[in-house]
Structures are given as structure tokens and as C-alpha cells.
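The numbers here are math on the coordinates, done by the rules we state, and not lab data. Keep in mind that what you see is a predicted model, and the values were worked out from it rather than measured. Here the Cβ positions follow ideal geometry from the backbone for every residue, glycine too, while neighbour counts run over all protein chains shown.
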Amino acid sequence: MRKRNTGFTLVEILIVVVILGILAAIVVPQFTSASQSAVKGAIQSQLQTISSQVELYRVKEQGAYPDFTTADNNGWGDLVSSDYLKEEPFNGFTRTSSIAEDAAQLAAGEEGSDAAAGWGWSTGASEVYAVGYDPVNNLLSNEDGYAPFDPAAP
């Protein structure tokens, strides 16, 4: 009787590797798109919360806006220390939570760029915006059609 070798041939292993490669090529771009959608959703949600809390602060302080130039809590001092916000909001795109006044041009905002600020406060428009995020078109700065926040725009 002849003993039979059990195992896989080189051709069988190569076929399996090719199939796994094809499946990975199909699945990986979907995860990238999902992560960008999650970042955009988180930024949108945080902008709504920040906007409502800034307005609440303004009403309670007889028209005065929070001071975003303090060093406390990365510029969020008035809102965090007075419990308008639980913690500093984190911009998942730029990966920072600091805020700067009139930071529109600092804000080409590249993903993971560790920019100086993740948020900006426009004194002209009296609103907070996310660096690297276009709320009008719901786009991040690494996507086609992105237009940075313009505090002079109506």
C-alpha cells in the first residue's frame, strides 16, 4: 500500500490567497467611507450642542459670549467650568480639542494633522466651526468640493 500525503498544494494555497486579496480589496474602502461618515456625524452633533450651549451662555450672561481665548480647557474654559459642556469637544478629523478665535485660515485642516486648533470661533459670525469641516456641503477637507468656513459669508 502506498502512503498518501495529506496537505495542500502550492496552487491551492495561491488560489485561497488570491480570493482573500479580492475580498479585502472590496471591504477595505467601505470601512474608510464608514469612518469618515462617523467623523462627520460626530462633528455635526458636537456643533449643534456647542451652538445651543453658546446661545444659552449668551442669554444667561446678558448678551456676552464665552471667552475662547483663555488657556483653561484648551479655550473652552467658560463653557466647561460653568458646566455648559461636560468636557472639551474633540474634533475627530484634526484630532484636537483646542479652539482659536478667527482661525478660519488655519483651517485647511488635514486629517490627523494635529492642527493648532480643532475648532474656531468666528467673532464676526459669532459661531463655532470645526476646522477641516464644511457644514454646508457636509464634507471634510480631504474630500472633493470642500469649502472652508468663511466667517464673512451670510
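Tally Lys/Arg at +1 and Asp/Glu at -1 over every other residue whose Cβ is under 13 Å from the Cβ of residue 72; what's the total? Net charge in that neighbourhood comes out at -4. In degrees, nearest 10, range 0 to 90: what is the angle between the Cα axis of helix 10-60 and the longest Cα principal axis of the chain? The angle comes out near 10 degrees. Taking a straight line from the alpha carbon of residue 3, not one of the lysines sits under 16 Å away once near neighbours fewer than eight places off in the same chain are left out.
Each other residue within a Cβ distance under 14 Å of residue 138 adds +1 if Lys or Arg and -1 if Asp or Glu, for a net charge of -2. Taken over the C-alpha atoms, region 12-140 has Rg and Dmax values of 19.2, 75 angstrom.
Adding -39500 (n - 2.57) for every DSSP H run of four residues or longer, then dividing by how many residues the chain holds, sets the calculated 222 nm ellipticity at -13000 deg cm²/dmol. Look at the dipole of region 1-64 built from charges on Cβ: of 14, 25, 37, the Cα furthest out on the positive end belongs to 14.
Between residue 24 and residue 45, the FRET efficiency estimated from the beta carbon spacing at R0 = 41 angstrom works out to 0.85. Of the beta bridges in the chain, as assigned by DSSP with both residues counted there, near 70 percent are antiparallel. Its Cα centre serving as origin, region 12-140 has a Cβ charge dipole (Lys and Arg +1, Asp and Glu -1) of approximately 340 debye. Working ranking of peptides 33-46, 5-18, 75-88, 118-131 by packing, defined as the average number of other Cβ atoms within 10 Å per residue, highest first, is 118-131, 75-88, 33-46, 5-18.
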